[in-house]
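In what follows, a single structure is set out as structure tokens and then discussed.
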Amino acid sequence: MTMEPGEILRRTEAFVRERMSGEGTGHDWWHVHRVRRVALRLAGEEGADAYVVELAALLHDVADHKFHGGDASAGPRAAREWLSGLGVDPEVTEHVATIIAELSFKGAGVTTPMSSPEGRVVQDADRLDAIGAVGVGRAFAYGGSRGRPMHEPDAAPEMHESFERYKSSTGPTINHFHEKLLLLRDRMNTPSARRMAEGRHRFMEQFLERFHAEWDGLD
């Protein structure tokens, strides 16, 4: 008997929650929860398929390349295995896997177009969670987990021209704002996400101004 979408979503949430709870790099269950909530909001505003969007949002970080030796195929593969095991329609499964494969930021000089409205919504939601107050916290959580310094004044940001260069970067966390986070506002796909990104972007600018003033002992 074919499983109902509601049951598939319930089981997928339980699977992801168990797998990602207690994770300390900012890629935990609550990141997924926030991305799902924003993605569904954007889906309603942009007319995207909410079922595909919710599945992709739930599974988008279940096997992130950053935690699988840089293997960008790990995430789509894990999603396919999970959804196939639940008997999800193959077209839906491939749609979700494609979204996950296309989703990640791959460097300032690398374009990452999404091939469907659902993908554009999920990518926007994931990127919104990387900026603003939560994004600042996540950036330092991830940097600390990798033993990266907060700031090295003599280390210039690098605008990575390839995914390989981006994946191998070991720069300080403050550089990450210039290499990725401050670029995301202008790379949102949807009007709804662009509106949400404005306030979050301004907060990061204000945070960096304050950070550098305190770093230099000026305030």
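Just by accessible area at a 1.4 angstrom probe, what is the order of Arg37, Arg146 from largest to smallest?
Greatest to least solvent exposure: Arg37, Arg146.
Would you work out the Kirkwood radius for the chain? I mean one over the mean of 1/r across all pairs of different Cα atoms, in Å.
With all distinct Cα pairs of the chain included, I get 18.0 Å.
If you fit an axis through the alpha-carbon atoms of helix 50-59 and take the longest principal axis of the Cα set of the chain, what angle between them do you get, 0 to 90°, nearest 10?
That works out to roughly 60 degrees.
Going from the alpha-carbon gyration tensor of the stretch 112-219, what semi-axes, largest first and in whole Å, does one get by taking the root of 5 times each eigenvalue?
25, 18, 11
Which value does Rg/Rh take for the stretch 140-179 over its C-alpha atoms, Rh per Kirkwood?
Using Cα coordinates only, the ratio equals 0.94.
Taking the Cα atoms only, what angle lies between the long axis of helix 74-85 and the longest principal axis of the chain, rounded to 10 degrees?
Around 20 degrees separate the two axes.
In nanometres, what is the gap between the two model label sites at Glu13 and Asp89, each 7 Å from Cα along Cα-to-Cβ?
Once both label points are built, they end up 2.2 nm from each other.
Under the rule of -39500 (n - 2.57) per DSSP H run of 4 or more residues, summed and divided by the residues of the chain, what mean residue ellipticity at 222 nm is obtained, to the nearest 500 deg cm²/dmol?
Rounded to the nearest 500, the figure is -19500 deg cm²/dmol.
So, in nm, how far is label Asp186 from label Ser169 when the simple model puts each one 7 Å beyond its Cα toward the Cβ?
A separation of 1.6 nm, rounded to one decimal place.
When the Karplus curve 6.51 cos²θ - 1.76 cosθ + 1.60 is applied with θ = phi - 60°, which whole-Hz ³J(HN,Hα) does each residue of the stretch 145-151 get, with x for Gly and Pro?
Working through the residues one at a time gives 5, 9, x, 8, x, 5, 7 Hz.
Please state, to two decimals, what the Cα-based radius of gyration of the stretch 170-216 comes to when divided by 2.2 N^0.38 Å (N = residues).
Relative to the rule-of-thumb radius for its length, the stretch 170-216 sits at 1.28.
Using θ = phi - 60° and the Karplus relation 6.51 cos²θ - 1.76 cosθ + 1.60, list the HN-Hα couplings for the stretch 110-127 in order, rounded to whole Hz, with x at every Gly or Pro.
10, 7, 10, x, 9, 8, 8, x, 5, x, 5, 5, 5, 4, 4, 5, 5, 6
Express the carbon and sulfur contribution to the solvent-accessible surface of the chain as a percent, rounded to the nearest whole number, probe 1.4 angstrom.
The C+S portion of the solvent-accessible surface of the chain is 51 percent.
Which percent of Cα-Cα pairs in the stretch 72-163 sits in each 10 Å bin, short to long?
Histogram of Cα-Cα distances, whole percents per bin: 14, 33, 34, 15, 3, 0.
Kindly identify the stretch 3-132 as rounded, prolate or oblate by the Cα gyration tensor criterion: order the square roots of the eigenvalues as a ≥ b ≥ c, call it rounded if a/c is under 1.5, otherwise compare a/b with b/c, prolate if a/b is larger, else oblate.
Verdict is rounded for the stretch 3-132.
Provide the gained length on full extension for the span Arg34 to Ala155, in nm with one decimal, where the gain is 0.36 nm per separating residue minus the Cα-Cα distance.
Taking Arg34 through Ala155 to full extension adds about 40.3 nm, to one decimal.
Roughly what angle does helix 191-215 make with the longest principal axis of the chain, taking Cα atoms, 0 to 90 degrees, to the nearest 10?
Helix 191-215 sits roughly 30 degrees off the main axis of the chain.
The values are calculated or read from the model by the stated rules, or taken from the named source; none is laboratory data. Because the structure is a prediction, the values reported are computed rather than measured. Glycine gets a Cβ as well: all are built from the backbone with ideal geometry, and neighbour counts include every protein chain shown. Keep in mind that these areas ignore ligands, DNA and RNA; they rest on the heavy atoms of the full protein, side chains included. Shrake-Rupley method; radii C 1.70, N 1.55, O 1.52, S 1.80 Å.
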